[in-house]
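Shown next, in structure tokens, is the structure this report addresses.
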Amino acid sequence: MSFLTHCECSACGATYDDAALLNLCRCGMPLLARYDLDAAARVFGRSVVRDRVASMWRYAELMPAATPEDVVSLGEGWTPLLRTARLGGRLGLENLFVKDESLNPTGSFKARGMSAAVTMAVSRGAKAFAIPSAGNAAGALAAYAARAGLPSFIFMPADTPIANRLECDYSGASVTLVDGLITDCGRMVAERKDAEGWFDVSTLKEPYRIEGKKTMGYELAEQFDGELPDVILYPTGGGTGMIGMWKAFDEMEHLGWIGPARPRMVSVQASGCAPIVRAFEAGAEFAEMVAEAHTVASGLRVPKAIGDFLILRAVRESGGTAVAVDDAELLAGVRELAMTEGILAAPEGGACVAALRRLVDTGWIEPGERTVIFNTGTGVKYLEALGPA
Ligand SMILES: *Cc1c(COP(=O)(O)O)cnc(C)c1O
């Protein structure tokens, strides 16, 4: 069912046999999954998927699992693309849509990446998983490891939202609270994983979470009937979704699903942790590590992303931009989306509303442009941040 052929380094181009349990390239950079797109193009048209399962595994030919029996799934993906005319009207946009990822299992789009990563690791012999996470990735790993019947070991900052800690605990994960940031947690996983026999599913440190998240790009093409929007606003932490969708667009063009036009990709971050925005503004290829990163949007609290150069490349090649908003603005965005459309978004989704207002006000987005903002998770997991003012 899958046309997966091998994995390839995003930086040095070295290739790897996909039958192995893979983490980073020997050069230390992220690997990307590659497919036989010419062969896939002959059988994998857009009409083929129309009546398939309502999950991201409907794109099986361009997903990594070799057989349907391998797939570790809780029904992730195929989320609603909602037209939001009332919010659009307030902002001055005629064609505004929200891709609502809060409907995923575990309440965030981390489910997409973790379903793909756990599926592949299990089929290649992984016996236990480990992850550093500032929130939703931890909950998703705990759930998918439980679904696969395997143990998971989670390292999270002590101030991670309580919902994330509890979902891990209830799913049987072993949770270590760390007095530090996600980068400190990552160091602890790296130091211990070999001795403990853990497979590390950190962001971009294995090739398949990107494959799960790229399906957001495929879904947009299907939901817009073979077209893509003019502008996409994406709340960026490690950048998996941004890199994944950008990869999906190239694959889809090769498959004949879309033409050469691309949306302008906007990376949205919180001003307390905006390494991509700073690097974009400075014209830099890589981002500087942020000291004392802080924001209630825990998914955006990533002081240094290993795939920073891939995020920046997608933003620049698309003619996009990068915008930072402060916590008060992004929480106001959560309220505005809930009040106008009934979507109780994660703070990361609220950040997109705030960034959108700025881009419309400055004229960077024109009133008629078809614009999609991503709500990447449910506000229900962020009660401390949304709580009594
Ligand atoms: C992880 C996370 C993000 C950032 O996602 P990336 O693809 O890693 O940039 C955004 N929003 C929420 C709710 C998250 O959990």
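Taking the criterion of being closer than 29 Å to Ala305 by Cβ and touching an Asp or Glu at 6+ places or on another chain (Cβ under 6 Å), the residues of the stretch 23-54 that qualify are Asn23, Leu32, Ala33, Arg34. Residues Leu62, Leu24: which one is in contact with a helix residue (DSSP H, G or I) (Cβ under 9 Å, 6 or more places away or on another chain) and modelled with pLDDT of 95 or more? The unique qualifying residue is Leu62. For the stretch 318-339, a residue qualifies if it is among the charged types (D, E, K, R) and either buried (at least 18 other Cβ atoms within 10 Å of the Cβ) or touching a Phe, Trp or Tyr at 6+ places or on another chain (Cβ under 8 Å) (or both), and the qualifying residues are Asp327, Glu329, Glu336.
Filter the stretch 159-179 down to the residues that are more than 23 Å from the chain's Cα centre (by Cα) and assigned to a loop (DSSP other than H, G, I, E, B), then identify the one that is nearest to Ala111 (Cα to Cα). Once the filter is applied, the top-ranked residue is Gly172. Using the structure shown, decide if Ala293 is among the hydrophobic types (A, V, I, L, M, F, W, C), modelled with pLDDT under 95, crowded, with 17+ Cβ neighbours inside 10 Å and under 22 Å from Ala346 (Cβ atoms). Taking the combined requirement at face value, the residue satisfies it.
Scan the stretch 17-31 residue by residue and report those that are buried (at least 17 other Cβ atoms within 10 Å of the Cβ) and not in a loop (DSSP other than H, G, I, E, B). Correct list: Leu31 only.
Select from the stretch 225-259 the residues that are away from the ligand (no atom under 16 Å from the Cβ), assigned to a helix (DSSP H, G or I) and not hydrophobic (A, V, I, L, M, F, W, C) and write down the one among them that is surrounded by the most Cβ atoms within 10 Å (Cβ to Cβ). Across the stretch 225-259, the extreme among qualifying residues is Glu251. When we screen Val71, Val122, Val98, Val118 for residues that are away from the ligand (no atom under 14 Å from the Cβ), β-branched (Val, Ile, Thr) and farther than 28 Å from Ala195 by Cβ, the only hit is Val71. When the stretch 1-16 is filtered for residues that are among the polar types (S, T, N, Q) and surrounded by 18 or more Cβ atoms within 10 Å (Cβ to Cβ), the ones remaining, listed by number, are Ser2, Ser10. The set of residues in the stretch 116-169 that are surrounded by fewer than 24 Cβ atoms within 10 Å (Cβ to Cβ), among the β-branched types (Val, Ile, Thr) and either at pLDDT 95 or above or touching a Ser or Thr at 6+ places or on another chain (Cβ under 8 Å) (or both) contains only Val122.
When Glu222, Glu211, Glu285 are checked against the criterion of being in contact (Cβ under 8 Å) with a residue 40 or more places away in the chain, surrounded by fewer than 24 Cβ atoms within 10 Å (Cβ to Cβ) and away from the ligand (no atom under 11 Å from the Cβ), a single residue qualifies: Glu222.
The values are calculated or read from the model by the stated rules, or taken from the named source; none is laboratory data. Predicted, not measured: the structure shown is a model, and the values here were computed from it. With ideal geometry, Cβ positions are generated from the backbone for all residues, glycine too; neighbour counts draw on all protein chains shown.
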